[in-house]
């Protein structure tokens, strides 16, 4: 399937700049709405959702300090120990922005269960996006949108991804992931 490389958006540049720092400290995946947007779907969003592997506090502190040095700040706190202990360790996300800006935002969370671990293990660079970033698999994105999230916007995202990847989708994988979602997130 041939696609022209799209022109970089503010959200693309923001994601790439943020990931350039994060990937020095942790494996990551981009999930949710930005996946569909990066594949040409027109819909508004002002954030990118990022899951990182579970890391120790000292590694997070180094990553946070590098993000600050690169021009980002955490909305919840400037203190990395507090961010780690009160948010990330408690499976709550935090948001980073460029210093002095409100948008776009990076919503960052650590992997919280075996499903997140599996997403990180099966991460992929998706050439059709034109971005040098790791995403959760297309099957994973479709399964989450159809089985867990289910908003109109999420269902439209899933439909968009199904059209683009119709010739390579692994429906058995989507079914397996949906079963894992029901077991781990909906029970």
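Where a number appears in this text, it was derived from the coordinates with a stated rule and is not lab data. Just so it is clear, the model here is predicted, and its values are computed rather than measured. Methodologically, a virtual Cβ is constructed for each residue, glycine included, from the backbone with ideal geometry; neighbour enumeration extends over all protein chains shown.
Label positions at residue 95 and residue 148, each projected 7 Å from the Cα along the C-beta direction, are separated by 2.0 nm. Descending by average beta-carbon neighbour count within 10 Å, the peptides 107-114, 33-40 line up as 33-40, 107-114, the highest first.
Legend: ranking of residues 105, 152 from fewest to most surrounding C-beta atoms inside 10 Å; resulting order 152, 105.
Compute the distance from the alpha-carbon center of the stretch 8-38 to that of the stretch 125-161, in whole Å. Cα centres, the stretch 8-38 to the stretch 125-161: 14 Å. Taking every DSSP beta bridge that has both ends in the chain, the antiparallel portion is near 65%. Note on the chain: Cα Rg divided by 2.2 N^0.38 Å, N the number of residues, gives 1.01. Running a GNM on the chain with Cα contacts under 10 Å, which residue among 17, 167, 157 ends up with the highest mean-square fluctuation? Residue with maximal mean-square fluctuation among 17, 167, 157: 167.
Here the stretch 71-93 and the stretch 102-124 have alpha carbon centers that stand 15 Å from each other.
For the chain, adding -39500 (n - 2.57) for each run of n ≥ 4 DSSP H residues and dividing by the number of residues yields -13000 deg cm²/dmol at 222 nm. Please work out whether the stretch 49-144 counts as rounded, prolate or oblate from its C-alpha gyration tensor, where a ≥ b ≥ c are the square roots of the eigenvalues and a/c under 1.5 means rounded, while otherwise a/b larger than b/c means prolate and anything else oblate? Judged from the Cα gyration tensor, the stretch 49-144 comes out oblate (a/c at least 1.5, b/c at or above a/b).
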